[in-house]
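Asks: One structure is given below, represented as structure tokens, and several questions about it will come after.
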Amino acid sequence: MVNTAQIEYWNGVAAETWVAQQERLDRELDPLGRAALRALAPRRGEHVLDVGCGSGQTTLQLADAVGSAGRVVGIDVSLPLLAAARTRSGGAHVSFVHADAQKHPFEQPFDAVYSRFGSYLLPLEAPEGCPTHPSYGAGHATVAGACVTILKAWFDGSFALPHTFAPDASGTALVPWSGASLTVANELNKLAANVGIGRNAAGFHYRSDYWQSLLLGERIAIDILEEQRDTYRELCTFTFKGFEGNTITV
């Protein structure tokens, strides 16, 4: 499998945003990562591979588990996240590799392989409503991709929302958002992503299925816009940013 789109995605704005929000994301994802760590149960002295190590939170947790006699290698396609991981490692007995784990020729075997964003949430939470294989396309994400693409075509995606808020540290109140401007297009992309990722969290699909399904929905919506455009009395075009950041004109 060629992961060109994901490699570009995780070396762009997505990675920069993750690094900027690293502390908050670490807190939110820590319970899931530790649950997977308990299931793996690495032993002292083992050599462990952390696939999709990101900014290194799980790599350091694995290093604590295997002790100084063990070895942990974190691998990721994102240079910004790996830079953050190396900074926080502080000389711990870990190393980081910038590569695609599917294709990288590892020189030494590992006793265990860990991936917080892999398949540890499977088997499926609700098997009666799931596809027979989790790498089938995600219907919810396809619909979300199509609907959001139509909205982006009709609305000004660059418009910055004037009144935006975020939860405070306690999660019980809202405070004014102080980060980068939140635009219509970015918030619509976030909405589509949340629909697909929600299904991933339930174990219905892998993360790659959600992403490819968003792109499938986008292509369907573009076909619909092309058909509808020819029925309008006025000459018109639709121009918007696709999920991969490319400018699309219909």
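Any read-out appearing in this document is the output of simple, stated calculations on the displayed coordinates, not a laboratory observation. None of these values were measured; they are calculated from a predicted model. Positions of Cβ are backbone-derived with ideal geometry, glycine not excepted, and every protein chain shown enters the neighbour counts.
Asks: In Å, what Kirkwood hydrodynamic radius results for the stretch 184-229 from the alpha-carbon pair distances?
Replies: Over the stretch 184-229, the inverse of the mean reciprocal pair distance is 11.5 Å.
Asks: A further question follows. Considering the values [x] 18.7, 55; [y] 20.1, 66; [z] 20.5, 74, which represents Rg and Dmax of the Cα atoms in Å as calculated for the structure under consideration?
Replies: Among [x] 18.7, 55; [y] 20.1, 66; [z] 20.5, 74, the one calculated here is [z].
Asks: Arg88 versus Arg43, label points 7 Å from Cα toward the beta carbon: distance in nm?
Replies: According to this spin-label approximation, the distance is 3.0 nm.
Asks: Same structure again: What three numbers, in Å, describe the spread of the alpha carbons of the stretch 127-249 along their principal axes, ordered from the longest?
Replies: The Cα atoms of the stretch 127-249 stretch 53, 44, 21 Å along their principal axes.
Asks: Moving on. Tell me the angle of helix 79-89 to the major Cα principal axis of the chain, expressed in degrees between 0 and 90 and rounded to the nearest ten.
Replies: Its long axis makes an angle of about 30 degrees.
Asks: Quick one: longest stretch of the chain between exposed loop trypsin sites (Lys or Arg not before Pro), exposed meaning at most 13 other C-beta atoms within 10 Å and loop per DSSP?
Replies: In short, 104-232.
Asks: What translational diffusion coefficient, in µm²/s and rounded to a whole number, does the Stokes-Einstein relation yield for the stretch 1-77 at 25 °C and a viscosity of 0.890 mPa s, taking the hydrodynamic radius as the Kirkwood radius over Cα pairs?
Replies: It diffuses with D of about 181 µm²/s by this estimate.
Asks: So, one more: For each of Ile75, Ile224, count neighbouring Cβ atoms within 10 Å of the residue's Cβ, then give the residues from fewest to most.
Replies: By the 10 Å Cβ count, ascending: Ile224, Ile75.
Asks: Provide Glu23, Glu226, Glu46, Glu107 in ascending order of the number of other Cβ atoms located within 10 Å of each residue's Cβ, fewest first.
Replies: The most exposed by this proxy come first: Glu107, Glu23, Glu226, Glu46.
Asks: Still on this structure, please answer the following. Quick check: residue separation of Arg34 and Ile7 times 0.36 nm, minus the Cα distance between them. What number comes out in nm?
Replies: 7.1 nm
Asks: With only Lys, Arg, Asp and Glu charged, each at its Cβ (+1 for the first two, -1 for the last two), find how big the charge dipole of the chain is about the Cα centre; round to the nearest 20 debye.
Replies: My answer is approximately 520 debye.
Asks: Separate question: Once you have the Cα-Cα distance between Ala14 and Thr237, take 0.36 nm times their residue separation minus that, and quote the gain in nm to one decimal.
Replies: Extra length from Ala14 to Thr237 when fully extended: 77.4 nm.
Asks: Hey, what number do you get for the chain at 222 nm if only DSSP H runs of n ≥ 4 count, each worth -39500 (n - 2.57), divided across all residues, to the nearest 500?
Replies: Counting only the DSSP helices, I get -14500 deg cm²/dmol.
Asks: Would you grab the residues whose amide H sits under 5 Å from the one on Val97? Only those 5+ places off in sequence or on another chain, please, with H modelled 1.01 Å from N.
Replies: Counting only residues 5 or more places away or on other chains, the set is Gly74, Ile75, Asp76.
Asks: Could you calculate the contour length gain from Trp177 to Asp64, that is, 0.36 nm times the residue separation minus the distance between their Cα atoms, to one decimal place in nm?
Replies: Contour length minus Cα-Cα distance gives 37.1 nm.
Asks: Excluding the sites themselves, what is the longest stretch of the chain that contains no chymotrypsin sites (Phe, Trp or Tyr not before Pro) in a DSSP loop with at most 14 other C-beta atoms within 10 Å?
Replies: Here the longest run is 1-105.
Asks: Still on this structure, I have one more. May I ask you to give the average projected area over all directions of the convex hull of the Cα atoms of the stretch 150-220, in nm² rounded to one decimal?
Replies: It is 6.4 nm².
Asks: How do Ile150, Ile7 rank when sorted from fewest to most other Cβ atoms within 10 Å of their own Cβ?
Replies: Fewest-to-most Cβ neighbours within 10 Å comes out as Ile7, Ile150.
Asks: Which lysines have a Cα lying under 17 Å from the Cα of Lys190, excluding residues fewer than 8 positions away in the same chain?
Replies: Within the straight-line cut-off, Lys190 pairs with Lys152, Lys241.
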